[in-house]
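Laboratory data are not the source of any read-out in this text; all were calculated from the coordinates shown. As the structure is a prediction and not an experimental result, all values here were calculated from the model. Note that each Cβ is placed from the backbone with ideal geometry, even for glycine, and that neighbours are counted across all protein chains shown.
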Amino acid sequence: MPYDPVYHEEGPTREEIDQSSGPMVLEFGANWCGHCQSLSPTVEALLSNAPDVRHVRIADGRGKKLGRSFRVKLWPTLVFLRDGQVVSQLVRPTDAEARRGFEELIAS
């Protein structure tokens, strides 16, 4: 699935995520977040080599239940899932950490 450059206010529910199939990366952050903007080229490059991975960018913030259900506190937070199950979760990852997270997701 192609890279999505925008964090969306509306996203899937936790129930929809838990029932999903295949590999998925949830990316929690904000469009104005400098850390999120810095990681964007890396995520885009990694997704270009993983067409089967679904990418969902979710605008996070106070009162956002989906982010709280994954214990998101800092941005960006990447949650790697396979068939609705968390494979790994990275908080404010470096490029190398994000790469390892993608590799682990694809290998699982």
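Remarks
- Sum of -39500 (n - 2.57) over DSSP H runs of 4+, divided by residues of the chain (222 nm, nearest 500): -10000 deg cm²/dmol
- Counted charge near V91, where neighbours are those whose Cβ lies closer than 13 Å (Asp, Glu -1; Lys, Arg +1): 0
- For the chain, relative contact order (Cα pairs under 8 Å, six or more residues apart, normalised by length) works out to 35 percent.
- Environment charge of H55, counting only residues whose C-beta is closer than 12 Å and scoring Lys/Arg +1, Asp/Glu -1: -2
- Taken one residue at a time, the phi angles of the stretch 41-47 give Karplus couplings (6.51, -1.76, 1.60, θ = phi - 60°) of x, 5, 4, 4, 5, 5, 5 Hz. Gly and Pro are set to x.
- Estimated vicinal HN-Hα couplings, Hz - the stretch 15-27 in sequence order (Karplus 6.51, -1.76, 1.60; Gly, Pro = x): 4, 5, 5, 4, 9, 6, 10, x, x, 8, 10, 8, 10
- Around P5: net Lys/Arg minus Asp/Glu count, Cβ-Cβ under 12 Å: -2
- Computing mean projected area of the Cα convex hull in nm² for the structure here picks out one of (1) 7.9; (2) 6.1; (3) 5.8, namely (3).
- Protection-proxy order for peptides 41-48, 70-77, each taking the mean of Cβ atoms within 10 Å per residue, highest first: 70-77, 41-48
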